[in-house]
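To start, the structure under review is shown below, and the notes come after it.
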Amino acid sequence: MSTTAFALPSLSALHADDGRLLDQELRLLATRRQIAVVRAIADELERCVRGSGVLETLREQFIEELSRLGCRSLEAAAALARVDLSTSASVT
(Lines give C-alpha, C1' and ligand atoms only; values in the text may rest on other atoms or scores of the structure.)
Protein backbone atom coordinates (compact mmCIF):
# COMPACT_ATOMS: atom_id res chain seq x y z
CA MET A 1 0.00 0.00 0.00
CA SER A 2 2.86 2.36 0.79
CA THR A 3 6.13 3.07 -0.99
CA THR A 4 7.83 4.48 2.10
CA ALA A 5 11.62 4.53 2.02
CA PHE A 6 13.19 3.09 5.12
CA ALA A 7 15.57 5.37 6.97
CA LEU A 8 18.49 4.18 9.06
CA PRO A 9 19.84 5.50 12.36
CA SER A 10 22.70 7.98 12.25
CA LEU A 11 26.33 6.89 12.50
CA SER A 12 26.67 8.73 15.80
CA ALA A 13 23.78 6.69 17.21
CA LEU A 14 25.29 3.46 15.92
CA HIS A 15 28.65 4.25 17.54
CA ALA A 16 27.31 5.68 20.82
CA ASP A 17 28.60 3.96 23.95
CA ASP A 18 25.40 3.60 25.98
CA GLY A 19 22.80 2.91 23.27
CA ARG A 20 20.32 5.55 24.44
CA LEU A 21 20.70 7.64 21.30
CA LEU A 22 20.26 4.55 19.12
CA ASP A 23 17.16 3.56 21.08
CA GLN A 24 15.76 7.06 20.65
CA GLU A 25 16.43 7.13 16.91
CA LEU A 26 15.00 3.65 16.33
CA ARG A 27 11.81 4.58 18.18
CA LEU A 28 11.46 7.79 16.17
CA LEU A 29 12.00 5.90 12.91
CA ALA A 30 9.36 3.35 13.92
CA THR A 31 6.97 6.19 14.71
CA ARG A 32 7.59 7.79 11.32
CA ARG A 33 6.91 4.47 9.57
CA GLN A 34 3.68 4.07 11.56
CA ILE A 35 2.61 7.59 10.60
CA ALA A 36 3.13 6.67 6.93
CA VAL A 37 0.95 3.55 7.34
CA VAL A 38 -1.83 5.47 9.07
CA ARG A 39 -1.70 8.21 6.45
CA ALA A 40 -1.89 5.70 3.58
CA ILE A 41 -4.92 4.00 5.12
CA ALA A 42 -6.60 7.36 5.80
CA ASP A 43 -6.04 8.35 2.17
CA GLU A 44 -7.54 5.04 1.00
CA LEU A 45 -10.53 5.47 3.32
CA GLU A 46 -11.13 8.90 1.85
CA ARG A 47 -11.24 7.40 -1.66
CA CYS A 48 -13.59 4.53 -0.79
CA VAL A 49 -17.28 4.61 -1.41
CA ARG A 50 -19.45 4.29 1.69
CA GLY A 51 -21.36 1.05 2.09
CA SER A 52 -18.81 -1.25 0.52
CA GLY A 53 -17.23 -4.21 2.32
CA VAL A 54 -13.81 -2.74 1.61
CA LEU A 55 -14.64 0.33 3.67
CA GLU A 56 -15.38 -1.74 6.79
CA THR A 57 -12.13 -3.69 6.44
CA LEU A 58 -10.13 -0.49 5.96
CA ARG A 59 -11.88 1.14 8.88
CA GLU A 60 -10.88 -1.75 11.16
CA GLN A 61 -7.29 -1.66 9.91
CA PHE A 62 -7.20 2.12 10.35
CA ILE A 63 -8.29 1.80 13.99
CA GLU A 64 -5.62 -0.85 14.61
CA GLU A 65 -2.84 1.16 12.96
CA LEU A 66 -3.90 4.36 14.70
CA SER A 67 -3.66 2.50 18.03
CA ARG A 68 -0.16 1.35 17.11
CA LEU A 69 0.76 4.93 16.25
CA GLY A 70 -0.39 6.03 19.68
CA CYS A 71 1.78 3.39 21.34
CA ARG A 72 4.80 4.25 19.23
CA SER A 73 4.31 7.95 19.97
CA LEU A 74 4.33 7.24 23.71
CA GLU A 75 7.45 5.07 23.35
CA ALA A 76 9.20 7.80 21.36
CA ALA A 77 8.25 10.43 23.93
CA ALA A 78 9.65 8.23 26.71
CA ALA A 79 12.88 7.70 24.77
CA LEU A 80 13.23 11.43 24.19
CA ALA A 81 12.68 12.10 27.89
CA ARG A 82 15.56 9.74 28.77
CA VAL A 83 18.12 11.56 26.59
CA ASP A 84 20.88 13.15 28.65
CA LEU A 85 20.65 16.81 27.71
CA SER A 86 24.10 17.58 29.15
CA THR A 87 25.76 15.59 26.35
CA SER A 88 23.76 17.10 23.50
CA ALA A 89 25.06 20.09 21.56
CA SER A 90 23.81 23.39 22.86
CA VAL A 91 22.96 26.42 20.80
CA THR A 92 24.56 29.61 22.06
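Looking at segment 9-25, I want the residues that are more than 15 Å from Leu80 (Cβ to Cβ) and have a partner that is outside any helix (DSSP H, G or I) with Cβ atoms under 8 Å, at least 6 apart or on another chain. Which pairs are those?
Here the result reads none, with nothing in segment 9-25 linked to a residue that is outside any helix (DSSP H, G or I).
Scan the helices (runs of 4 or more DSSP H) fully inside the chain and keep the ones with 3 or more residues being charged (D, E, K, R), surrounded by 11 or more Cβ atoms within 10 Å (Cβ to Cβ) and at pLDDT 80 or above.
Because the criterion is at least 3 residues that are charged (D, E, K, R), surrounded by 11 or more Cβ atoms within 10 Å (Cβ to Cβ) and at pLDDT 80 or above, the helices (runs of 4 or more DSSP H) in the chain that meet it are 20-47, 53-81.
The values are calculated or read from the model by the stated rules, or taken from the named source; none is laboratory data. Since the structure is predicted, the reported quantities are computational estimates derived from the model, not experimental observations. Because the Cβ atoms are built from the backbone with ideal geometry, glycine has one as well, and the counts that use them run over all protein chains shown.
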